[in-house]
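Read-outs throughout are calculated quantities, based only on the coordinates presented, and are distinct from any laboratory measurement. Keep in mind that what you see is a predicted model, and the values were worked out from it rather than measured. Don't worry about glycine lacking a Cβ; one is built from the backbone with ideal geometry, like all the others, and counts go over all protein chains shown.
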Amino acid sequence: MSAPTGEELKKYERIVIDQDICISCGACVAVCPTQALEMDENAKARLIWDLCIDDRSCISVCPVNCIWQTSQAPDDSKAKSGWYRFSRELDDTEKKIFEEWKQNYGITGDPVQ
Ligand code: SF4
Ligand code: SF4
C-alpha cells in the first residue's frame, strides 16, 4: 500500500496518543497496517502523521485506552507535544493540510521535528 501524498492527506482524521498513559506494550505498532506507529526513544508509541489511513485497529488493541480517533481525543492529550512526527518533509500543499488538520481538531501540541 503506498503512503498518501498531496491532497490525499486531507482525507484522514488520524489518531491521538497520550504518551503519559502509554505502557509501552507495542500492540498498536504491531497491528498498524501502514507502519504509521513506532516506539520512540522513551519506548512510548508515536504516530507518523502522514502514514495513518484511519483504519483504527490501534485504538481497540491498546490495553490502557490511550489512543483515540482525533475527533474524540481529550483536549489535554491534544495539547501535549511529541506524540507524532512526519515520515518526510511535507511540501507546501501538505503543510497547509497539516495546519488545517491541527485547526479543525484543536491540536495545539507540536510534532517532533
Ligand atoms: S488508525 Fe490505523 S493506520 Fe492509523 S495509526 Fe492506527 S492502526 Fe495505523
Ligand atoms: S497499545 Fe497503547 S499502551 Fe501499548 S504501546 Fe500502543 S499506545 Fe502504548
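Quick notes on this one:
- In straight-distance terms, cross-link reach from LYS102 covers every one of the lysines whose alpha-carbon lies under 18 Å from its own, apart from those fewer than eight places away in the same chain; here that gives LYS10, LYS11, LYS78, LYS80.
- In terms of its Cα atoms, the chain spans 36, 31, 25 Å along the principal axes, sorted from long to short.
- For the pair GLN72 and SER57 in one chain, pulling the backbone fully straight at 0.36 nm per residue adds 3.9 nm over the alpha carbon distance.
- In this calculation the C-beta distance from LYS102 to CYS25 is compared with R0 = 25 Å, giving a FRET efficiency of 0.35.
- Highest-MSF residue in the chain out of VAL64, VAL29, VAL16 [GNM, Cα springs under 10 Å]: VAL64
- Cβ-isolated cysteines (cut-off 4.7 Å), the chain: CYS22, CYS25, CYS32, CYS52, CYS62, CYS66
- Here r is the Cβ-Cβ distance between ARG88 and ASN65 and R0 is 22 Å; the resulting FRET efficiency, rounded to 0.05, is 0.15.
- The chain - charge dipole about Cα centre, Lys and Arg +1 at Cβ, Asp and Glu -1, debye rounded to 20: 200 debye
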